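Have a look at the structure below, then the notes.
The values are calculated or read from the model by the stated rules, or taken from the named source; none is laboratory data. Fair warning: this is a prediction, and the values are worked out from it, not measured in the lab. Glycine gets a Cβ as well: all are built from the backbone with ideal geometry, and neighbour counts include every protein chain shown.
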């Protein structure tokens, strides 16, 4: 191609090439945000649900079948009557993420979806206005914090927006050209959008459906056939959604999210999901959605309030034209209609209350980190009308310059300065709006980085037991620690439920336990101190756990409680003194055999010296070192045991040092260096001789 021909192509297609460059830049930027800001995923644990679902689809599965019930249930998965598990969400976004993995990585899907949304924003705005406004709208979308943050996480909002925009762009094209093929594409896109997020799709489609019905008033053949093609293929998406419901929930009209939480849906009144419930009244709904919209237009669109003002100028220009001429381009009216259908429809959805957290606190809830994502679709009309507003203001500025400055060169110089000042005025609030959520999420990511650090040392072929700070769920919060759909990956993760059944289901795997000290609260910026603990599995007629508990000087008394599912016994240290003048070590031993457990090396408080042990039990030994007047600390030992066929099985115990009793139980693992002199804790797990228990008959097989 000659230089002249190349320049002609660039002049002819400069807008499209610029739009393509913006789309590529958007994809690359989102990929960068996804890998650098969210390497361990976000605070929204739905990401793990979609990624687990994507892995299932790649394996050709709609259900998970864990090898042990209750030990592997992922967050937001529903149990089917046959014991299988299915996610509460539709599979369309997960399928889109799965395509990215086929191409080399899940995050490639995020980049592709983001690029598609930028390109379609250009196409829609160019169709409704012109190409210049289309480029400005694409740039506005790309600079919006809500777009950059939510496009970089594995949530359904950006993927559903891509389908909605594809529907609108194809519909615009079919109406302009009469193309039935474009009408069919519009139908497929809106059908998939409905399958992805039904209510979101309905709210977006409402202005276009209104226009489609308006065009049928004359019953002209071509519009009827085109709209029929869109409607029929759109209904195919509805049918697919209902069919998926029938396969998963057993009823075409019960969606998986309803099966998970029947009161977690649209409408006012009592709303509930798991243990959380609220009375969602119309008054509360209006208050909540006003707050959400103020956050959207004040912090999460490009340049914050300034970007919102530009969009308002654009909408004002449309309304002024409509008032003066009693008509306007229907495509502009459709885009403007989204400012009505989406906010009004969201009033009916209590999810907007949940993202806000505590209404009385600023920057609380997921909205502070991920923005008002239920209104993600509003970014597109906001971008389009902000672009229109920029052009209107630029036109007025140009007219003012022409009226005041006669010299063209001087006018050009003033225009360049004015443009530079305007860019600076826009850039500062745009950077500020983006910096705050980036900083918040970066702090969360740093806590994740510290929490996950020991997991990298776990070798392939391992089984890791995970704690449950938010209840008995996988991937809540540990999204990065997911199982393969066949529960046969390099590393398998399990809950603490039915631990021996889990061990039996993976007989060849090395056993580990993930523990930590501290409170799991990433939003505070405080990271837990994690540890990967090797776990040994022993079995014999008698199992002994030898304990070595450091007793600092000044401790007046050590009281000990031994507890099982069906009993408890109390002990004190032998020869308790009024004051211990120097550090010492307490060495009780826990012996388990014949369905009973007892402590040796300490003095029983009552006649109860042994307690019954269930077939599956977790024996607890709690030793309180008392400095006097109830001031002291606790050692806590939890030994998982199983009794069957006259043999006792045990796993390496959980060991905790508790400065405060409420921190015991998954938040006080091991003894920290800051515990002070004389504080120490160790345990040796043995298979003991059936008749002699004064000394262990075998060497220790587990020590911590």
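Among the numbered conditions (1) at pLDDT 90 or above; (2) surrounded by fewer than 17 Cβ atoms within 10 Å (Cβ to Cβ); (3) closer than 25 Å to residue 604 by Cβ, the only one that residue 637 does not meet is (2).
If you go through the stretch 344-368 and pick out every residue that is part of a helix (DSSP H, G or I) and closer than 12 Å to residue 295 by Cβ, you end up with 5. Here residue 523 clears all of (1) free of Cβ contacts under 8 Å to residues at least 24 places away in the same chain; (2) out of contact with any strand residue (DSSP E or B) (no Cβ under 9 Å at 6 or more places or on another chain) except the condition numbered (1). Among the residues of the stretch 72-93, just one is within 21 Å of the chain's Cα centre (by Cα) and farther than 21 Å from residue 264 by Cα, namely 72. Regarding residue 243, is this residue modelled with pLDDT of 95 or more and surrounded by fewer than 23 Cβ atoms within 10 Å (Cβ to Cβ)? When the stated conditions are applied, residue 243 passes them.
Of the candidates 653, 612, the single residue that is crowded, with 20+ Cβ neighbours inside 10 Å and at pLDDT 90 or above is 653. Cβ-Cβ contacts under 6 Å between residues 6 or more apart (or on different chains), taken from a first residue in the stretch 384-398 that is in contact (Cβ under 8 Å) with a residue 12 or more places away in the chain and assigned by TED's automatic domain parsing to the domain that holds residue 130 to a second residue that is surrounded by fewer than 24 Cβ atoms within 10 Å (Cβ to Cβ) and not in a helix (DSSP H, G or I), are listed as 388/129.
Could you tell me which residue of the stretch 669-693 is modelled with the lowest pLDDT, considering only residues that are over 18 Å from residue 535 (Cα atoms) and buried (at least 16 other Cβ atoms within 10 Å of the Cβ)?
693
May I ask you to verify whether residue 324 is more than 35 Å from the chain's Cα centre (by Cα) and surrounded by fewer than 18 Cβ atoms within 10 Å (Cβ to Cβ)? Answer is yes for this residue. Out of all the residues in the stretch 622-630, is one or more surrounded by fewer than 20 Cβ atoms within 10 Å (Cβ to Cβ), part of a loop (DSSP other than H, G, I, E, B) and touching a residue at least 40 places away in the same chain (Cβ under 8 Å)? No, because not a single residue in the stretch 622-630 is surrounded by fewer than 20 Cβ atoms within 10 Å (Cβ to Cβ), part of a loop (DSSP other than H, G, I, E, B) and touching a residue at least 40 places away in the same chain (Cβ under 8 Å). For the stretch 512-528, the criterion of being modelled with pLDDT of 95 or more and over 18 Å from residue 656 (Cβ atoms) is satisfied by no residue at all. Against the criterion of being modelled with pLDDT of 95 or more and either more than 26 Å from residue 213 (Cα to Cα) or surrounded by 15 or more Cβ atoms within 10 Å (Cβ to Cβ) (or both), residue 333 qualifies. Would you say residue 258 is free of Cβ contacts under 8 Å to residues at least 40 places away in the same chain, assigned by TED's automatic domain parsing to the domain that holds residue 351 and within 21 Å of the chain's Cα centre (by Cα)? Criteria met by residue 258. Candidates 221, 197, 176, 181: the one that is on the phi < 0 side of the Ramachandran plot and either touching a helix residue (DSSP H, G or I) at 6+ places or on another chain (Cβ under 6 Å) or surrounded by 18 or more Cβ atoms within 10 Å (Cβ to Cβ) (or both) is 197. With the structure loaded, tell me whether residue 318 is in a helix (DSSP H, G or I) and within 22 Å of the chain's Cα centre (by Cα) or whether it fails that test. Criteria not met by residue 318. Being under 21 Å from residue 534 (Cβ atoms), touching a residue at least 40 places away in the same chain (Cβ under 8 Å), outside the structural domain of residue 75 (by TED's automatic domain parsing) and within 19 Å of the chain's Cα centre (by Cα) is a property that holds for residue 468. Residue 639 fulfils the conditions (1) within 11 Å of residue 562 (Cβ to Cβ); (2) over 35 Å from the mean Cα position of the chain (by Cα) except for a single criterion, (2).
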